[in-house]
Each structure stands twice: as C-alpha cells, then as structure tokens.
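Enquirer: Sharing a structure below in structure tokens format, with a few things to ask.
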Amino acid sequence: LGPDMKFKGVFHPVILCPARILEMNVVYYTEYGITFGAACSLDLVKNTLTKAVSELSKEKIEVFCALLRQLKSLGGQQIRNVASLGGNIMSANPTSDLNPILAAANCTLNLASAEAGTREIALNEDFFVGFGKTAAKPDEVLVSVHIPYSSKWEYMFAFRQAQRRENAFSIVNSGMRVLFHEETAAIEDLRIFYGGMGPTTVSVKKTCKELIGRPWNEEMLSEACRLLLDELPLPGSAPGGMVEYRRALTLSFFFKFYLSVLHRLKEMNITGQDMPLGYFTAIEDFQNETPQSLQIYQEVTQGQPSWDPVGRPIIHQSAIKQATGEAVYCDDIPSLDGELFMALVTSSRPHAKIVSIDVADALNLPGVVDVITASGVLANKITVFPLEGEHLLAEAEVTCIGQIVCAVVADTRVHAKRAAGAMKIAYEDLEPTVFTIEASIQQNSLYKIDMKLAKGNVDEAFEIVDQILEDEIHIGGQEHFYLETNSVLVIPKGEDGEMDVFIATQFPSFTQELVAMTLGVPSNRITCHVKRLGGAFGGKISKAAIIASIAATAAEKYRTGRSVRCVLERGEDMLITGGRHPFLGKYKVGFMNDGRILAVDVSFYCNAGSALDESALVIEKSVLQFDNAYSIPNIRAQGYACKTNLPSNTAFRGFGFPQGSLVTENWITDVAAKVGFSSEKVREINMYKGVERTHYKQEFDAHSLWRCWNECLEKSAYHNRKIAIEEFNKQHRWKKRGIAVVPIKYGIGFPSSFLNQAAALVHIYKDGSVLVTHGGVEMGQGIHTKMMQVTSRELRIPMSYIHISETSTNTVPNASPSAASYGTDANGLAVKNACEILLQRLDPVINDNPKGTWKDWIKKAYFQRISLSATGYSRGLDTKMDWEKQEGQPYGYFTFGACCSVVEIDCLTGDHKSIRTDIVMDVGCSINPAVDIGQIEGSFTQGLGLYTIEELKYSPKGMLYSRGPAQYKIPTVNDVPAQFNVSLLAGSCNPKAIYSSKGIGEPCVFLGCTVFYAIKDAIAAARRDSGLTGPFPLDSPATPERIRMACVDQFTKLVPVDEPGTYGPWAIHI
Amino acid sequence: SLTVYISVGLTGTKSGCGGGGCGACTVMISKYDVIQKKILHFSANACLVPICMLHGAAVITVEGIGNSHTRIHPVQEQIAKAHGSQCGFCTPGMVMSMYTLLRNHPEPSMDQLQEALAGNLCRCTGYRPIIDGCKTFCKESACCQNGREGICCLDEDNSCSSSSPDAVKDVTNLYYIL
C-alpha cells in the first residue's frame, strides 16, 4: 500500500496493521515442510531457512536453497526486516523473486475469510490472474504459506538478473524444479516458472509437458530452447522494454539449470552426457568478497612543524556532526511561524500550447493560499548568466514533460501537494516533438553554437594512412542523485524588499542575482545563505536558483509576505532538474599498421533538452579536452547541442569530459582491435610525450602523465595480470575476465577567465577565535576543512581556533560557483591573502612580544586599534580561448592520472563484477590526502555507475520513467571493486595553485571507463569463443542487457529479433 | 509514515527518496516478539513504516545513540574518523544500519556487514571509507594493514588513518578537531 499512497496518490482513510496476529506470525515444521505465517518478515524466513538447511538432510532442502539464493539479494536489509512473505506473494508483482520458486515447488496457501472460513489452495499458474491480482477473493486474507521439503531425485534452482546485483527488482527471474525417475536421468516431472516475462508470474506448462519423460541431455536442451521461445512470446512493445534480452535470459537461465542439474546427476554417477569442464563454472553466482583497499598518501615535507595541518589527513570538519545527525541541512531549519510550503506543477506534455490554467479547484482546497503562474511573476524571463533567455515558469508553451508551469503555496506540505495534483491545465499538442539525438540531427533541431577546432590537415592525412575506420558510440545520460534533493527556504524581512534565502546551491551569488531580478530589487536586498549541501555534483547550480526565485515570488510582501519552503520529492527532482548530457560521438580515424593514429575527425552531439542551460560550455569542454592524453597530429572536432523536448540537461561533475573522452577511448580500442595490438600498446604509442602542445596550442609537460601511467602498470601488475586473465578465459567458457588501463589528462579551471576569481573574509575576535568566510560552498568535498587548514598554516594557530559557519552573499559578494574542480584553488588563495594581510598588521605586536601567545597578541592588537578583519582576494588563472584563431590557454594546468580495472562478466546473464581497480593520481602536493582520496574514490564510483548500471529510461513520448532509486540504480556498497587501491603520485608539484596542490574534484569520474573497457575486453574474449573477432559496438552504459547481447552465442542466435518499426517500443534511447 | 512523525524536532533521520530505496531514513525498531519471547531489534526505512505498525514498539533514531555534546557512539566516531562522511546526508542511515547490526551481532562478520549496508546508498564516498570505519567492529578484520591483532589504530592516540607504509606518521589528536 505504501508505494501506491506515496507515488500514485491513492488515499486510504483507515490503515490496519495485521502484523501482530499470532497465526500470521508462527513458523512450524510439519512432516512435509515448513509453514510460515503470512506476516513473517523476509528476514525471519531467511533465518529459518538457513537454519533448516544446516540441519536437514541434503535431499530435503532443494526448495529452501533456491529461496535463500533469491532472498540474499531481495531488497536491502531494512526492506527484508519489514517486508512480509505474504505481502510478497499477494502483491503478485510479475517480478517477485519468490513467487516463481514457490509456484514451481508446489507450495500451498491458507486463506481465511470471515464469511467462508478457511481454505487451502495451491500456489500455481492459476493463482496469478493478472498484474497485481490473485485468485484470492476480495474478503480473503492470506494466513500462512506451506513450503514443502524436496525429495530424493528432485532438484531445484532459482535464477535472477537485475540491473544491479543487489537491492534491485529482477528483469527476469525463474524457479525451476525437476524430478527424475529413480536412479535415472529421465524426467518424471518438470515445473518451471518465470517472472518478468508478462503481467504475472508465468508457467511454461507446455514446454514442461513436452519434456517429461525425456533424458537430461543436449537434445532435450535444444528442444527446450525452441519450446521456451515459442511459449514466451514477449511482444516487442512489452512494458519494461529490453525485449530481446529478456527472451535471451529465459534461455540462459534454462541453460544454467541444465548445467546445474547435470552437475548433480554427475555427482550421483547417473548421466553419461559429456560437458566441457569450462562450462560448469557457469553455474556459480558472483559472491561478494571481503573488500580490500590501500591508500597511499604523500609524505609531508621534512621539517614541516607538527602543528601545521597542511598535507595531513584531517577529518572532514563536520564529519562527527554529520554522523550524529546534528548537522543542519536546508530542510532541517525549523519552520517559522506562518511558514508556507510550495509544490511545483509540471507539464505533462512534451510540446504543447497552454490553453488554460484553472486554479479555482486548487484554491478551494483546504490550506491553499496562492497559485503562482508565469503572469504572476514580475520578471519571468531570465537575463542573467548562465541562464540568459530562459523562463522561470512556462508562459504560452511547454516544451518538455517536467517543465515547471506553476506553483501552489499552502499551509502544509500535504496540502500543497494535494492542491498541486488538483491543478487543471489544458493543453493543445504542438508539432514537432523531438527526443533523440538522431532525430534532432535529422530534423536539424540544434542550438546555434559553433564549436569547431582543427589542427594539421585531416583530409591529407586520411590519404596517406594505412587504414581508416568510421563508427559511433552513444553515451547515456546520468542523474546526479545527490542524497539531499533541491531545497530552499525564503524568508521575507518585511522592509525594503529584503529577503533571506536559505538554499542548497553551489552558486549562491547566482541565486541572489536571479531572485533580485525576479523581484525587481537590487541585489543588495537579497542574502543567500548556504550551510552545507547533501551532495550536488553540478546539479545545484542553475536549477536551484529557478526554484528559489519562484519561492521568492510567492513569499513577496504583496503576495503572501510569509516565508516559503520548497523541498522537491526525489521523483520531482529527477524529472525537473535534468542531469548529465547524453552524447553521440561519431568518428573517423586514420591510422598506420604500427599503431600510430594520424588523423581524427570527430563530431560530438549532446542532448541538451528544451533549454540551453550550460550545454554550450559542456560541448566546449568535450571539444577542447577530447584529446585526453593523446597527441594526434591531425584533428578536426566539432560539437553540437541538440534541442529536444526533454528536461534541460545541466552541469554534472566532469562536464562533458567523461563523454568526449569515452569516445576517444572507443576509437583507441577499435584501432587496437584492427591492428591486432593490445589497447594499452596503442595508448602508449599515441600518448603525449615530454613537453607538447594540445590541439588548441596550450603547452604542457607530460612527464607526470607517464609517471602515473608507469606506476599504475606496476602497482596493478598489469602485464602479469593480463596473462593470468588470458589463462582464466581459456578455462571458462561462460565467465570471462577483462582488463583495461586508461590514462587521463584533465584541464583545471574555467575557460571563461572571469569565473577564476574568489574572495574571502577573515575576522579575528578579541578572544583569539577566528571566523573564516569564503566564496566556496561545502557540498561534502571538504572545502571548509581545507580552508581551515590554510588558515591554520597562515596564521600559525591550531585549527580549533578557527570556525567556518556558512557561505553567504553578504560576506563574500559575487562569488563564482563551487565547480570545475577549482574551489580550493581559488578560495584557498583568497583565504591565504586575507590571512597574510592580518598577519602583516599583527607583525609589530608579535615582534614586541615574540614569546607571547596568539591570544596575548590579539588582545594587544585590539587595544592598539589594529583592524582584526580583512578581506582577501585572488585573481586566479588567466585563461582564454580564441575560437577564431583556434588557440588559447583555456585551462590553468592539468591533473594527470592512470587507472587500471579488472572485471569478470557472466556471459549468459550479462552480470558483471568489479574485481580490482588501481588508481595513481597526480594531485600535486595534496592539502589533505584523505579528502583528495575521498574525491578520487567517490568520483570513480560515480563514473563506474555512469558507464555500467545507471540508465535513464524515457517513454516514446519523452516522459522519464526512472524517477527514483527503484528504477534508477546507482552503485551500492557491493558494486565497488573488491580490491580498490589509490595512490597519490609522490614528488609532484604545481606552481599554479595554492601550496602546489591540484584540483581533483571531477577528473576521476572518467576513470570509471576502465570498468567499461574491461567489460568490453571480457566480451571480446567471449566473442572469440564464438568465432568473432575485430571491433564491435558497445554503447554506454554497459548494462547487463548490452553485455549479454554483445556476447553472441548459440542462445542469442536463437532469439527472434523484432523488425524496428513493426512495434512501438516501451522506451527510447535519447 | 514514521518519517513525518519523527521529523518534528528530530532532523537527524534524513529523507532521501520516500520509497525505501536509499536507506537515508534508517532507524532501529525494537519489538517484543511473543513467539520467540524476546525483544527483536531490526533496522527499517522510516519512510515505509506506517505508524500503526509501531504499537508497543520502541524506535531509536540517530539522535538516540550519541551526540557531540554528551558522548558519541563508536559507530558514529569510526565512520567519521575513517573519512566515511563527505556530504553526510547518508551518514545517519549508515550509522543506524551499522548500529542495529551491532545490537544483534556485537562482532559481526564482513559478510554480515556488507549485507547490512547494501540497502544504504551513498553518492559521495564510493563506500570504501565507510566499510573501513565499520569493519573496525568486525572480529576477523585488522582494520588497517598497520594494525595489530584486535587493536584498532583509530582507538589510539597516535592514530594513523592511512594504511600505507609511506604514510604520514606524526599524526596527532589535532586531526580530530570538530
């Protein structure tokens, strides 16, 4: 009921909780099996079965083992503790992991009703009558479930595959049970149920019937495959999509079942059927291994005094408060008297004229105070960077599903949301609607941005090269999934148009500017406060300000004059605020047979959505930085931003680099496959060497790049590991391992040089305590901790004297966003500057009394009327890019690194497991190695998600399906590499940033691609077993679906493929 | 749901998705089980717990196990000191999952640990430091390669939060300043 009430707005006036009824909680053993009360939690079932398995004889526990296999990964622990066995059965979800097993095992259900008393029915194919519907009568309650023991010569196995291995709904699952005639391999009885292959758990009765009596051999297997495909005709337009993959999984599972049973029969010396040894490892599931890790810090310089915290692994300034729950986030601010809550109403059409907005019904609902539409906003059209030309609220037209049309303000959250649901907006659909990159290229639906860069002469080079290859790769988008959704609290002060805005944003000065613009007041009336963010990753720059401005309008004196809070639900946040741009990279590469790449002609298309937002800058970065670590003599690169009817995409950690450079690594991998070298050799041949210039003529030294590369090869024992993997792959037919090592060169700083500035304000109070304020926002990256370290070193005082309270626009004006991995560089120098000014003023006092304490000096300085407050300023990097001349210095410097990953894939299901990752990063002299390694590991994991399991799903009408963690899977604790080592390169320095450090916030997202290319390496090994060599396409993310379908084998060849255009697919690739 | 109920005044329990998918709102529920005749402690997503399910039950939120004014709980301390909290929004949920595990298994195995945390999402850290902090409670783990059997280096004054031989050695209590 919970999800229906929460997500579908179903209202139940009374809720009963029958979980305490005794009969529904008991567990008892009978002669034939175990009976569980329906209210028993899945955890209790799991524990009971685990105990039974350890106590009972082997032949009795087949069903229990199958159930345990699924229970292990069903939901998280929190879910299993509360979810009940009965609930799992009666909700009759077609992807229930337990129902196929319970049905295959002939379980029985005890139902009871007040009128008809109790009855016992079989849980079989007749029980599930439709999606979410069972054969139980409306007045019947499930009391208990009887799960039988298995008998001798009976074998049972369960299978499942989900987007993510744990805590994720299955795509397809199955329970399969076979009974043999005693002492033979002849099938006496066979029961197979599948989940995820229709609106209910389905039985493949016909197949089973046909196979009864047959011996367990290969003819039976091929017959079964044929029958299964016949009996499970999943239509091309089936909800959930991935149709061919789901068909393939039904065969893969049956093959695994075949092997598993064969293995058992062999143990009993029954069958003569031969099977290559390398086949049997297919039946083993991936297990979680004990995670191991190593982090290697740099030494601080010899002679650094012990009080100086720079370079040391100081813990995050508010880590303890965060762990105790005391840390205050935006929505934790207590509500004010008379506070209102704002809920957003968004467009349900991808492209339409707004005919009318009927507010009457909503206004009549209890608690509703106001509805804000575009006409109610003083300045709805945005005139400030970076959203010039966009609108806060839709005016005459909507251009995507999820566009904000209006906002409802009410006395409580519940009232506001109810009223938002009651808003009636009439639309008139407009043509055209464009969603995919391909369609927008075809229809020329592009934003007018001209991003072209050339070096050398590509056309001439194509004439002289040995080989040319042309291909493309599509890279899916990514949701930020910061744990704290966008939140804002606006408090009008009642005079002169003043307002306090408490908001979760990376760019407070932009929110200030936009709110001021919207209300038509000068910026000096608006103060933005940011204490901390629960994650941001680029997603709280532009969109947060829009929401704040709408809330400010609602709070304005002449409307309500009351404070207004708006906190997005996860689903709203995912729908409205956009994410990382999906990319299409088309390339033509000319190369020599010795591995040298001489020419590249590449075009990047990003799906920008219905508004430009920062897309031009994203595409700029991909065109500028796609060279990654490679020196290609002839380059032609162009970037385009596609205008589509989807929510506008925005900044996301890496900002076009993870997409552009993935395209690069793709042609590197293709070239390697063509010339028959290993891909790391092609990388080495083409990497920058010594002092070189990029394709926009920025000079840099690749010395550290090579140091990282060589150290990474050494630390990962790359060459030995590669040999071991080849050996492994020879011995395993259905499990394959792969390895990939990738270098990185990442430019730091904003190419628009005006953003490379920062300021700080440092106060010293009479008691000696120091309050630091700077323009950077704390979003978990530890910038406040680093700024305290800087202050401590500069003022030569312990960190306990220093405090940072918040980031606010009334202490530091016009601050740049905390973005582009540049926060510490810019703000660090500003804080340092302020401290230097203060220390200079204190110098005479200190010289007077050199043995005095800090407190003595401050007291003295105060009485001597020395100012104890200073602003510091840093005029940062002088970056520039001249697109006319095709040259410039868009980045201040480069952060280098290298990463090697090893994975194992299950060729039959498409599952994968990260075995090991080694990263070596050049971060200069780290200010805080623990924080920097936190950034490296965290961004790597985000990249791992981006390139493997995180997949946004859109309907053919442009509606986002994946609006929560149930549909959108970010990595969990068991998805990170089992062995995960990170080292900071020793002895590196960087004269261009504070204390010789380097920016490290974003680069390592891209290193997640090592997992992608290791998967691709493993797939290539699987394809070789099927006789396929040479380059093959693999789009990102490498989901289980893509992995399985790329591992072409005898089963995938059987799967019928629907002709495109003959059916309406459930989802589209945007 | 329970989230709404406890959010009045107790803001430590975070709301991340409202559908039991992220674990940010994890709390511990204790209930007397009439069949097993003992009190059961289990973790739950507060957002999925209807109030009517809590008849006769006790709920412990992150505020209930420790704070920086009186005393912090070792779970809170170890996760923080191992750099397992970056933005911190998932941390209270992680803490409560781990706390519940320790209530039921004072010296858990690594398997139990991984199982207990699989329902908690973190977007910042990549989990490694969270596991490092939590595994100091496990029997079989030497929490860092420097550590001696059964002794966690994080508990000592001259602690070293790195596991490398070439790491900084002269670390003092200075690092644990709030």
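The values are calculated or read from the model by the stated rules, or taken from the named source; none is laboratory data. For clarity, every value in this text was computed on a predicted model and none was experimentally measured. Counting neighbours? That spans all protein chains shown, and the Cβs are built from the backbone with ideal geometry, glycine included. The area values use the complete protein model at the heavy-atom level, side chains included, leaving out ligands, DNA and RNA. Shrake-Rupley method; radii C 1.70, N 1.55, O 1.52, S 1.80 Å.
Enquirer: If I ask for residues that are under 32 Å from the mean Cα position of the chain (by Cα) and without any contact (Cβ under 8 Å) to a residue 60 or more places away in the chain, which ones from segment A:130-144 would you list? Give the derivation first.
Expert: Taking segment A:130-144 and keeping what is under 32 Å from the mean Cα position of the chain (by Cα), we get A:131-132.
Within segment A:130-144, just A:Gly132 meets the criteria.
Enquirer: So which strands (runs of 3 or more DSSP E) are wholly in segment A:116-221 and hold at least 2 residues that are open to solvent by less than 40 Å² (accessible area, probe 1.4 Å) and either aliphatic (A, V, I, L, M) or touching a strand residue (DSSP E or B) at 6+ places or on another chain (Cβ under 6 Å) (or both)?
Expert: Fully inside segment A:116-221 and qualifying: A:141-148, A:154-162, A:170-180, A:187-195.
Enquirer: Using the structure shown, decide if A:Glu614 is open to solvent by 10 Å² or more (accessible area, probe 1.4 Å), at pLDDT below 95 and in the same structural domain as A:Lys722 (by TED's automatic domain parsing).
Expert: On the way: open to solvent by 10 Å² or more (accessible area, probe 1.4 Å): yes; at pLDDT below 95: yes; in the same structural domain as A:Lys722 (by TED's automatic domain parsing): yes.
Answer is yes for this residue.
Enquirer: Among all residue pairs at least 6 apart or on different chains, which show Cβ distances below 6 Å where the first residue, located in segment A:290-319, is more than 7 Å from chain B (Cβ to nearest Cβ) and the second is open to solvent by 20 Å² or more (accessible area, probe 1.4 Å) and among the small types (Gly, Ala, Ser)?
Expert: The qualifying pairs are A:Gln298/A:Ala986.
Enquirer: Could you check how many residues of segment A:51-84 are touching a residue at least 40 places away in the same chain (Cβ under 8 Å) and either part of a helix (DSSP H, G or I) or farther than 26 Å from B:Val49 by Cα (or both)?
Expert: Number satisfying all stated conditions: 15.
Enquirer: Regarding A:Glu699, is this residue in contact (Cβ under 8 Å) with a residue 24 or more places away in the chain and out of contact with any helix residue (DSSP H, G or I) (no Cβ under 6 Å at 6 or more places or on another chain)? Give the derivation first.
Expert: Numbers: in contact (Cβ under 8 Å) with a residue 24 or more places away in the chain: no; out of contact with any helix residue (DSSP H, G or I) (no Cβ under 6 Å at 6 or more places or on another chain): yes.
Against the criterion (in contact (Cβ under 8 Å) with a residue 24 or more places away in the chain and out of contact with any helix residue (DSSP H, G or I) (no Cβ under 6 Å at 6 or more places or on another chain)), A:Glu699 does not qualify.
Enquirer: Looking at segment B:8-79, what strands (runs of 3 or more DSSP E) fall wholly within it and have at least 3 residues that are without any contact (Cβ under 8 Å) to a residue 40 or more places away in the chain, more than 7 Å from every other protein chain (Cβ to nearest Cβ) and surrounded by fewer than 18 Cβ atoms within 10 Å (Cβ to Cβ)? Working first, answer last.
Expert: On the way: elements: B:26-33, B:38-45, B:58-60.
Per the criteria, B:26-33, B:38-45.
Enquirer: Looking at segment A:636-662, which of its residues are out of contact with any Ser or Thr (no Cβ under 8 Å at 6 or more places or on another chain) and surrounded by fewer than 24 Cβ atoms within 10 Å (Cβ to Cβ)?
Expert: Result: A:Arg636, single match.
Enquirer: Report, ordered by the first and then the second residue, all pairs with beta carbons closer than 8 Å, sequence separation of six or more or different chains, a first member in segment B:81-98 that is free of Cβ contacts under 8 Å to residues at least 24 places away in the same chain, and a second member that is assigned to a helix (DSSP H, G or I) and surrounded by fewer than 24 Cβ atoms within 10 Å (Cβ to Cβ).
Expert: Partner pairs satisfying both residue conditions: B:Gly88/A:Lys321.
Enquirer: Take the conditions of a type in the set (S, T, N, Q), more than 7 Å from chain A (Cβ to nearest Cβ) and open to solvent by less than 30 Å² (accessible area, probe 1.4 Å) and apply them to B:Thr100. Does it pass?
Expert: Numbers: of a type in the set (S, T, N, Q): yes; more than 7 Å from chain A (Cβ to nearest Cβ): yes; open to solvent by less than 30 Å² (accessible area, probe 1.4 Å): yes.
Taking the combined requirement at face value, the residue satisfies it.
Enquirer: Here are some residues: A:Thr30, A:Thr48. Which one is within 25 Å of B:Gly56 (Cα to Cα), open to solvent by less than 70 Å² (accessible area, probe 1.4 Å) and more than 10 Å from chain B (Cβ to nearest Cβ)?
Expert: Numbers: A:Thr30 fails: within 25 Å of B:Gly56 (Cα to Cα).
Of the residues listed, the single one that is within 25 Å of B:Gly56 (Cα to Cα), open to solvent by less than 70 Å² (accessible area, probe 1.4 Å) and more than 10 Å from chain B (Cβ to nearest Cβ) is A:Thr48.
Enquirer: Next question. Look through segment B:103-123, keep the residues that are without any contact (Cβ under 8 Å) to a residue 60 or more places away in the chain and within 15 Å of A:Gln322 (Cβ to Cβ), and return whichever of them is farthest from the other protein chains (Cβ to nearest Cβ).
Expert: B:Cys122
Okay, residues lined up against (1) under 30 Å from A:Glu182 (Cα atoms); (2) in contact with a helix residue (DSSP H, G or I) (Cβ under 6 Å, 6 or more places away or on another chain); (3) without any contact (Cβ under 8 Å) to a residue 24 or more places away in the chain; (4) assigned by TED's automatic domain parsing to the domain that holds A:Thr271:
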residue: A:Ile121; (1), (2), (3), (4): yes, no, yes, yes
residue: A:His146; (1), (2), (3), (4): yes, no, no, yes
residue: A:Ser151; (1), (2), (3), (4): yes, no, no, yes
residue: A:Ala158; (1), (2), (3), (4): yes, yes, no, yes
residue: A:Arg164; (1), (2), (3), (4): no, no, no, yes
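Rundown of residues vs (1) without any contact (Cβ under 8 Å) to a residue 40 or more places away in the chain; (2) open to solvent by 20 Å² or more (accessible area, probe 1.4 Å), yes/no style:
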| residue | (1), (2) |
| --- | --- |
| A:Asn833 | no, yes |
| A:Gln840 | yes, yes |
| A:Asp843 | yes, yes |
| A:Ile846 | yes, yes |
| A:Gln886 | no, yes |
| A:Pro890 | no, no |
| A:Ser901 | no, no |
| A:Ser914 | no, no |
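Enquirer: Scanning segment A:477-500 for residues that are of a type in the set (A, V, I, L, M) and touching a residue at least 60 places away in the same chain (Cβ under 8 Å), which turns out farthest from A:Asn607 (Cα to Cα)?
Expert: As a first pass, look at segment A:477-500 and keep what is of a type in the set (A, V, I, L, M): A:483, A:488-491, A:499.
In the following step, the residues that additionally are touching a residue at least 60 places away in the same chain (Cβ under 8 Å) were identified as A:488-491.
Working: A:Val488: 28, A:Leu489: 32, A:Val490: 33, A:Ile491: 37 Å.
Among residues in segment A:477-500 that are of a type in the set (A, V, I, L, M) and touching a residue at least 60 places away in the same chain (Cβ under 8 Å), the one farthest from A:Asn607 (Cα to Cα) is A:Ile491.
Enquirer: Every residue in segment A:991-1029 that is among the polar types (S, T, N, Q), open to solvent by 10 Å² or more (accessible area, probe 1.4 Å) and within 30 Å of A:Ala830 (Cα to Cα), please. It would help to see each step written out before you state the result.
Expert: Initial filter on segment A:991-1029 (among the polar types (S, T, N, Q)): A:996-997, A:1010, A:1026, A:1029.
Narrowing further to those that are open to solvent by 10 Å² or more (accessible area, probe 1.4 Å): A:996, A:1026, A:1029.
A:Ser996, the sole residue that qualifies.
Enquirer: Right, here's the next one. Sort out which residues of segment A:976-990 are surrounded by fewer than 24 Cβ atoms within 10 Å (Cβ to Cβ) and within 17 Å of A:Gly738 (Cβ to Cβ), and write them in order of number.
Expert: A:Ala978, A:Gln979, listed by residue number.
Enquirer: If I filter segment A:243-253 for residues that are of a type in the set (Phe, Trp, Tyr), assigned to a helix (DSSP H, G or I), in contact with a strand residue (DSSP E or B) (Cβ under 8 Å, 6 or more places away or on another chain) and open to solvent by less than 10 Å² (accessible area, probe 1.4 Å), do I get at least one hit?
Expert: Step one: of segment A:243-253, the residues of a type in the set (Phe, Trp, Tyr) are A:245, A:253.
Filter once more, keeping what is assigned to a helix (DSSP H, G or I): A:245, A:253.
Narrowing the set further to residues that are in contact with a strand residue (DSSP E or B) (Cβ under 8 Å, 6 or more places away or on another chain) leaves A:245, A:253.
Now narrow it down to the ones that are open to solvent by less than 10 Å² (accessible area, probe 1.4 Å): A:245, A:253.
Yes, segment A:243-253 contains a residue that is of a type in the set (Phe, Trp, Tyr), assigned to a helix (DSSP H, G or I), in contact with a strand residue (DSSP E or B) (Cβ under 8 Å, 6 or more places away or on another chain) and open to solvent by less than 10 Å² (accessible area, probe 1.4 Å).
Enquirer: Which strands (runs of 3 or more DSSP E) does segment A:435-546 wholly contain that include 3 or more residues that are closer than 27 Å to A:Val618 by Cβ? Lay out the reasoning, then the answer.
Expert: Numbers: elements: A:451-455, A:467-475, A:487-492, A:499-503, A:526-530.
It comes to A:451-455, A:467-475.
Enquirer: With segment A:288-382 as the region, which strands (runs of 3 or more DSSP E) entirely inside it contain at least 3 residues that are within 26 Å of the chain's Cα centre (by Cα)? First the steps, then the outcome.
Expert: Values: elements: A:292-296, A:340-346, A:352-358, A:368-372.
Qualifying strands (runs of 3 or more DSSP E): A:292-296, A:340-346.
Enquirer: Quick one: count up the residues across segment A:689-714 that are in contact with a Pro (Cβ under 9 Å, 6 or more places away or on another chain) and under 14 Å from A:Asp922 (Cβ atoms).
Expert: Summing the residues that are in contact with a Pro (Cβ under 9 Å, 6 or more places away or on another chain) and under 14 Å from A:Asp922 (Cβ atoms) in segment A:689-714 gives 5.
Enquirer: If you don't mind, another one. Given the residues B:Cys124, B:Cys144, B:Cys134, which is the only one that is modelled with pLDDT under 50 and more than 24 Å from A:Leu68 (Cα to Cα)? Give the derivation first.
Expert: Values: B:Cys124 fails: modelled with pLDDT under 50; B:Cys134 fails: modelled with pLDDT under 50.
Being modelled with pLDDT under 50 and more than 24 Å from A:Leu68 (Cα to Cα) holds for just one of B:Cys124, B:Cys144, B:Cys134, which is B:Cys144.
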